[in-house]
Amino acid sequence: MPAFWLAKPGTFRDDSQIPSWSVVAMNPSPVVCLRIFVPFAFGYFLSYLYRTVNAVLAPDLVRDLALDPAGLGLLTSAYFLAFALAQLPVGILLDRFGPRRVEAGLLLFAAAGALLFARAATLGELLAGRALIGLGVAACLMAAFKAFTEWFPREQLPFVNGIQMVSGGMGALAATAPVELALTITGWRGVFILLAGLTLVAALGVFALVPERRRAGPGEGVGRQLAGVAEVFSSRTFWRLTPWAVAAQGAYLSLVGLWAGPWLRDVAGCSRLEVANALMGVAGAMVVGYFVFGTVAARLGRRGIPAARVAAVGMAAFLATQGLLILQPAGPAVVLWLLFGFCGTACILPYAVLSQQFPARLAGRVNAGLNLLVFLMAFAAQWGVGAVLGHWPATAAGGYAPDGYRWGFGLLAGLQLAGMAWYLAARRAAGSGGWRGGQGRADDAGVVAQEGGADGGAQRQAG
């Protein structure tokens, strides 16, 4: 999980970098806990519902707007582009104004975007609505994580962070069979009008219910915050695992968010109801995966096995699952997608792996920087797969060619293979000292010390 999920003693280089919640007892009452958790969980529930709902709505959008596969991919991925571009500004706003005001304000944009999407008559209007939604939910996860670090003691963070992630999985569940059922009552436009109303309720709930921590001072200025962003992006530590994490998480988001549904229809021959039920199973596997990988990484971390190794094993299994989808073997295709949904949750672990290696003051910007790259990749992947599918003629049933899926998915897998090779080479260079080249930064040395120790190598002290 991100940043504080798996942080271990000794990660930070001096006491000034230890998060305040690790040394200050914070035990909010049950009522305050609910006021903190429920509004943020509902916001993230809606964020994930918006992210994945087009996997079920795709046939209706294609029919009503005469979209080709590239247009469908562009429309759905506009969410990711706006979400990605908002990450660094959102990180700065969270540090300056706090999670309550930032998320409540942004959710109003999401509500407006959903209403615009519902009333849109052209592709341009749909793109604008989808982008507004992406902007509006850009803080739903990071605002919650920031609030949790301010209010909950460190030992409770694995639980509350895990439940927050599960609320997103529940949103993905709601975007499957329940949405398909809603389509029998109202069209996709009616679904988005309902979502606009729910998003407005979420914004009001965050603003009215979430308490605010009194801040000691104005905090860092914008200039210092931007300097911190530059510090993150110039760190060799950041770029060791990031290419693989970005390729894997981008593929996961783009396929679960759109192309899994059409694949099940065109390659596996599933009906609309079967597609919706299969996607519900994938979302359920996602919920289980978040629990399993978070728990395994935390327990192995206490035994000295770094989260980076758990992430690498999980992402390798995720890549193997994609290989099977590319080969399109005979047998129950839904099982492969269940494995895809489960193993893909390992892609969230690099947030924790990276954030452990930076001072607490940079943890938010590490998450925001990785999020920026992940969602840019998700945008490119979702649109790119559609563009690849457009190079094949439509099937007799009006769907997309299985060979198009094979090539589109294969390109995503190839990027992940390249990212894996980069990570293994960089890790080997770090172990030999070549990655640091004698001019390594202190945080680079800290990573080497952690991974070297876990691998049985010599322990090195940073700083």
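Tabulated values for the structure
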read-out	value
Filtered residue count, segment 328-342, keeping only those that are assigned to a helix (DSSP H, G or I) and of a type outside the set (A, V, I, L, M, F, W, C)	1
The one condition in (1) closer than 20 Å to Ala203 by Cβ; (2) under 17 Å from the mean Cα position of the chain (by Cα); (3) at pLDDT 85 or above that Phe145 fails to fulfil	(3)
Out of Ala298, Ala311, sole residue that is within 19 Å of the chain's Cα centre (by Cα) and not β-branched (Val, Ile, Thr)	Ala311
Any hit, segment 394-414, residues being of a type in the set (Asp, Glu), at pLDDT below 85 and either in a helix (DSSP H, G or I) or surrounded by 20 or more Cβ atoms within 10 Å (Cβ to Cβ) (or both)	no
Yes/no for Arg189 being basic (Lys, Arg), within 16 Å of Leu49 (Cα to Cα) and surrounded by 22 or more Cβ atoms within 10 Å (Cβ to Cβ)	no
Elements of type helices (runs of 4 or more DSSP H) in segment 221-327, at least 3 residues being within 19 Å of Thr52 (Cα to Cα)	236-254, 260-266, 272-302
Residue match in segment 205-220 (condition: among the charged types (D, E, K, R) and at pLDDT 80 or above)	yes
Whichever residue in segment 343-389 is assigned to a helix (DSSP H, G or I) and polar (S, T, N, Q) and, among such residues, is nearest to Val166 (Cα to Cα)	Thr345
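Here's the yes/no breakdown for (1) in a loop (DSSP other than H, G, I, E, B); (2) surrounded by fewer than 20 Cβ atoms within 10 Å (Cβ to Cβ); (3) in contact (Cβ under 8 Å) with a residue 12 or more places away in the chain; (4) at negative phi:
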| position | (1), (2), (3), (4) |
| --- | --- |
| Ala70 | no, yes, yes, yes |
| Leu75 | no, no, yes, yes |
| Ala86 | no, no, yes, yes |
| Val90 | no, no, yes, yes |
| Ala118 | no, yes, yes, yes |
| Ala121 | yes, yes, no, yes |
| Gly124 | no, yes, no, yes |
| Phe145 | no, no, yes, yes |
| Gly168 | no, no, yes, yes |
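The values are calculated or read from the model by the stated rules, or taken from the named source; none is laboratory data. Every value quoted in this text rests on a predicted model; they were computed, and no experiment measured them. Glycine gets a Cβ as well: all are built from the backbone with ideal geometry, and neighbour counts include every protein chain shown.
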